[in-house]
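Okay, so here's the structure we're looking at.
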Amino acid sequence: MSDDDKRWYTRVPAISIALVAFLVALTTLINNVREIGGLKDKTPPAPAAATPAAPLVKPEAPKAPSRYSVLLTLEKIEVINDGTSGSTSWSFDVSAGGQDLFELPARDYLDTEESRNVTPRTSDPSMGRVVLVPGQEMLIKISGRSSGLISKTSASGTATLVAERALAPVRVVAADPRDGEFVFHFAAVATAQ
């Protein structure tokens with residue numbers, strides 16, 4: 001009986017052995033090529049003699065950021081006294097370090113209990129970004145103007161911004177607190193750069 005006359009299943013062991021031999025040869029070839037090309041991780045040779053121990057080097061402590069980007073966002077204005085018996089129109093300028101951050105356009109403020117806390121309108125600018133170095137203090141200044149028909153009043157207030165701390169509420173007061181008194185509340189988010 002010739003090889004062609006034998007059933008296919010009698011040739012399976014021979015094919016399996018040939019396939020295993022081919023895979024072993026292919027794996028050996030790939031490893032040799034990787035070793036020649038420097039792609040394989042090489043283990044360092046064992047030290048021949050004991051060498052004196054090198055001094056231990058401490059890893060460097062993480063460096064403090066060289067500067068911070070601080071985003072100031074006006075959350076609300078607390079109206080203590082709007083300056084009149086009814087509502088009063090006020091506009092406010094907010095600056096940091098002598099640079100203008102944003103201006104709140106004129107709107108009516110009222111010091112009644114239900115209208116005391118005012119949030120910025122979505123159309124009003126209410127955010128500004130400043131850059132500080134660690135430990136630097138920056139003066140936040142708020143200037144307000146009342147454009148009343150009878151008298152024009154101004155109010156101002158300041159606070160100090162430090163990147164590592166939250167900004168305290170800023171009290172903005174006219175020369176006579178009965179003519180206007182407000183407390184500005186900001187959220188300050190510092191990002192290391």
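Rounded, prolate or oblate: which fits the range 59-193, taking a ≥ b ≥ c as square roots of the Cα gyration tensor eigenvalues, rounded meaning a/c under 1.5, else prolate when a/b beats b/c? Walk me through the intermediate numbers first.
Values: a/c = 2.70, a/b = 2.49, b/c = 1.08.
Verdict is prolate for the range 59-193.
Averaging the sequence gap over all C-alpha pairs within less than 8 Å and six or more residues apart, then dividing by the number of residues, gives the range 104-168 a relative contact order of 26 percent. Maximal additional length on extending the Val131-Phe102 stretch stands at 8.9 nm, based on 0.36 nm per residue less the C-alpha distance. Taking a ≥ b ≥ c as the square roots of the eigenvalues of the Cα gyration tensor, the range 76-140 is prolate, since a/c reaches 1.5 or more and a/b is larger than b/c. Label sites at Thr27 and Ala168, each approximated as a point 7 angstrom past Cα along Cα to Cβ, lie 7.4 nm apart. Placing dummy labels 7 Å off each Cα toward the beta-carbon, the span from Ala14 to Ser154 is 10.7 nm.
Computed over protein heavy atoms with a 1.4 angstrom probe, the accessible surface ordering of Lys152, Lys6, largest first, is Lys152, Lys6.
Where a ≥ b ≥ c are the square roots of the eigenvalues of the C-alpha gyration tensor, would you call the range 116-167 rounded, which needs a/c under 1.5, or, failing that, prolate if a/b is larger than b/c, or oblate? Before the final figure, lay out the partial values.
Numbers: a/c = 2.96, a/b = 1.85, b/c = 1.60.
Because a/c hits 1.5 or more and a/b exceeds b/c, the range 116-167 counts as prolate.
Keeping all protein chains in place and using 1.4 angstrom, which order do Asp5, Asp176 fall into by accessible surface area, from largest down? Each step should come with its number before you reach the end.
Working: Asp5 95, Asp176 50 Å².
Largest accessible area first, the list is Asp5, Asp176.
The 1.4 Å probe gives accessible areas that order Arg129, Arg67, largest first, as Arg129, Arg67.
Cross-link partners for Lys141 among the aspartates and glutamates, with Cα-Cα distance under 13 Å and sequence neighbours closer than 8 places in the same chain left out: Asp93, Asp100, Glu103.
The values are calculated or read from the model by the stated rules, or taken from the named source; none is laboratory data. Note that the structure is a prediction, hence the values are computed from the model and not measured. Backbone-built Cβ (ideal geometry, glycine too); neighbour counts: all protein chains shown. For the accessible areas, the whole protein counts, side chains as well, though only heavy atoms, and no ligand, DNA or RNA atoms are used. Shrake-Rupley method; radii C 1.70, N 1.55, O 1.52, S 1.80 Å.
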